[in-house]
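The values are calculated or read from the model by the stated rules, or taken from the named source; none is laboratory data. All of these numbers come straight from a predicted model, not from anything done at the bench. As a convention, Cβ positions derive from the backbone with ideal geometry for all residues, glycine included, and neighbour counts pool all protein chains shown.
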């Protein structure tokens with residue numbers, strides 16, 4: 001099983017980024033042996049994160065551990081059914097361990113989304129317009 005980690009460095013000892021788009025690296029971790037590939041985020045701090053989201057989907061990762069995620073990258077991950085976990089401020093290694101123990105919260109909404117919007121409209125909204 002492959003898990004992506006949006007990290008602020010190239011090792012499992014580096015911290016998970018508070019914001020997906022701001023992470024300096026994306027670690028694609030093989031959970032069977034903890035080996036990993038490193039992908040630099042060349043648009044850290046200025047991009048939408050879509051390039052990193054596409055790497056996650058191309059590598060067929062089951063989940064990503066990060067902090068908040070902007071809308072464009074979030075929607076790419078939702079479309080390809082990648083589970084999103086909030087591991088901000090943990091080291092990548094700690095976050096992976098917590099994920100395996102089901103102790104990380106899910107990232108259910110993109111950054112800035114109003115979680116009450118869907119509850120208020122209970123099936124009567126056209127969510128593609130939101």
In segment 80-90, is there at least one residue being under 19 Å from residue 113 (Cβ atoms), at pLDDT below 95 and within 12 Å of the chain's Cα centre (by Cα)?
no
Test: residue 93 is part of a loop (DSSP other than H, G, I, E, B) and out of contact with any strand residue (DSSP E or B) (no Cβ under 7 Å at 6 or more places or on another chain)
no
Residues (surrounded by fewer than 16 Cβ atoms within 10 Å (Cβ to Cβ), over 16 Å from residue 90 (Cα atoms) and in contact with a strand residue (DSSP E or B) (Cβ under 9 Å, 6 or more places away or on another chain)) located in segment 1-38:
1, 30, 31, 35, 37, 38
Taking only segment 42-64 into account, find how many residues are in contact with a strand residue (DSSP E or B) (Cβ under 6 Å, 6 or more places away or on another chain) and more than 18 Å from residue 1 (Cβ to Cβ).
1
Sort out for me the strands (runs of 3 or more DSSP E) sitting completely within segment 1-64 that have 2 or more residues that are more than 21 Å from residue 98 (Cα to Cα) and free of Cβ contacts under 8 Å to residues at least 40 places away in the same chain.
36-40
Which residues, taken from segment 65-81, are assigned to a loop (DSSP other than H, G, I, E, B) and touching a strand residue (DSSP E or B) at 6+ places or on another chain (Cβ under 6 Å)?
67
